[in-house]
Amino acid sequence: MAIEWITAYLLLGAAVGFFAGLLGVGGGGIMVPVLTALFLAQQFPAELSVHMALATSMAAIIVTSFSSMRSHQRHGAILWPVVWKLTPAILIGTVAAAYLAAALSSLALAIFFCCFMSYVAIQMLLNIKPKASRQLPGVIGFSGVGLVIGAVSALVAIGGGSLTVPFLTWCNVKIQQAIGTSAAVGLPIAISGTLGYFLAGASTEAVLPDYSLGYVYLPAMLLIAAVSYFTAPLGAALAHRLPVATLKKVFAALLIALSAKMLHSVLTS
């Protein structure tokens, strides 16, 4: 691999880890648009660019999800009974959505990604938070929620925090426990999503680049994960020193800009 691509993946990993630690968000919101552009620039198959970006992002998130889960566990902020109730449906939802993504075009995936990231950005810009108005559901309710969280997370390559945290706070869970539980849920999302994209990519008839495991491009995943693991704590350390509220607005605008750029790249490829 040329040095410029190695450098690009390392810088992307640094940015992803930093923003994840600083704001508690990031992941696919940054990785998918940038990876799509990088893959297209490397002359990877245009019709698979978004699929590979989603898959590679999910794989890279495994490392940061594990690190985040350990951190919240040390603070006793994870509601493990909730994690166990959500996880089975999440596993089904993420794997099924990965297969669904394989059947969709890059343009369809890019449009869905842009719409969801716009929703996330608006939430951040307006600081929208659901009011606690009900209690946690039963097994059937958890199963339905888990399917939705898993499916959407796989289609946009996120750890699920944009959906899990609002759901738990709506159910009268304290925000610290909602964030910690969401971090724990993010690990099975990342693992099952990666598995789904690997299996779906392994069965495709398209010619994938060298060093790919299914739709996962290993060099990018390893470089991003290696750097983000170290920059995430740096972002977390600066969270109490920097104007996070202002930075969230800037980050929201960045999400919209990156998503729009990705859609434009796919349309013109």
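The values are calculated or read from the model by the stated rules, or taken from the named source; none is laboratory data. These numbers come from a predicted model, not from an experiment. Glycine gets a Cβ as well: all are built from the backbone with ideal geometry, and neighbour counts include every protein chain shown. Heads up: the accessible areas ignore ligands, DNA and RNA and are worked out on the full protein's heavy atoms, side chains in. Shrake-Rupley method; radii C 1.70, N 1.55, O 1.52, S 1.80 Å.
Listed highest first by mean packing, meaning other Cβ atoms within 10 Å per residue, what order do 203-216, 78-91, 176-189 come in? If you can, show how the numbers build up before the last one.
Details: 203-216: 15.4, 78-91: 18.9, 176-189: 24.2.
Sorting 203-216, 78-91, 176-189 by mean packing, highest first, produces 176-189, 78-91, 203-216.
Once the Cβ-Cβ distance between Ser71 and Ile128 is put in as r, and R0 is 25 Å, what FRET efficiency do you end up with, to the nearest 0.05? Walk me through the intermediate numbers first.
Values: r = 26 Å, r/R0 = 1.03.
Taking R0 as 25 Å, the efficiency between Ser71 and Ile128 is 0.45.
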In vacuo Debye sum over C-alpha of the stretch 132-262, base-10 log of normalised intensity I(q)/I(0) at q = 0.14, 0.18 Å⁻¹, listed in q order, is -0.88, -1.27
With everything on Cα atoms, drop me the angle between helix 161-170 and the longest principal axis of the chain, reported from 0 to 90° to the nearest 10. 20
If you plug each phi of the stretch 139-155 into the Karplus form 6.51 cos²θ - 1.76 cosθ + 1.60 with θ = phi - 60°, what whole-Hz ³J(HN,Hα) values come out, in order, with x for Gly and Pro? 4, 5, x, 4, 5, x, 5, x, 4, 5, 4, x, 5, 5, 4, 5, 6
For the chain, what number results from the quotient of the Cα radius of gyration and 2.2 N^0.38 Å? 0.94
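For the stretch 1-159, what % of the accessible area comes from carbon and sulfur atoms, probe 1.4 Å? Don't jump to the answer; show the numbers that get you there.
Numbers: 4810 of 6810 Å².
Solvent-exposed carbon and sulfur of the stretch 1-159 make up 71 percent of the total.
Rounded to the nearest percent, how much of the accessible area of the stretch 165-269 (1.4 Å probe, protein heavy atoms only) is carbon and sulfur? Each step should come with its number before you reach the end.
Working: 3650 of 5180 Å².
Exposed carbon and sulfur together represent 70 percent of the surface.
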Rounded to the nearest 0.05, what FRET efficiency do Ile3 and Phe230 have when you use their Cβ-Cβ distance and R0 = 30 Å? 0.90
Once the Cα atoms of the stretch 199-269 are picked out, what are the Rg and Dmax in Å? 17.4, 51
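Solvent-accessible area per residue for the stretch 169-249 at a 1.4 Å probe radius, Å²?
For the stretch 169-249, the per-residue accessible area is 50 Å².
Under unit Cβ charges (Lys, Arg +1; Asp, Glu -1), what dipole magnitude, rounded to 20 debye, does the chain have relative to its Cα centre? Intermediate results must be reported in sequence, preceding the final value.
Numbers: 11 positive and 4 negative charges, 241 e Å.
With only Lys, Arg, Asp and Glu charged at Cβ, the dipole is about 1160 debye.
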Per-residue HN-Hα couplings for the stretch 201-213 [Karplus 6.51, -1.76, 1.60; θ = phi - 60°; Hz; x = Gly/Pro]: x, 5, 9, 6, 8, 5, 8, 8, x, 4, 6, 9, 10
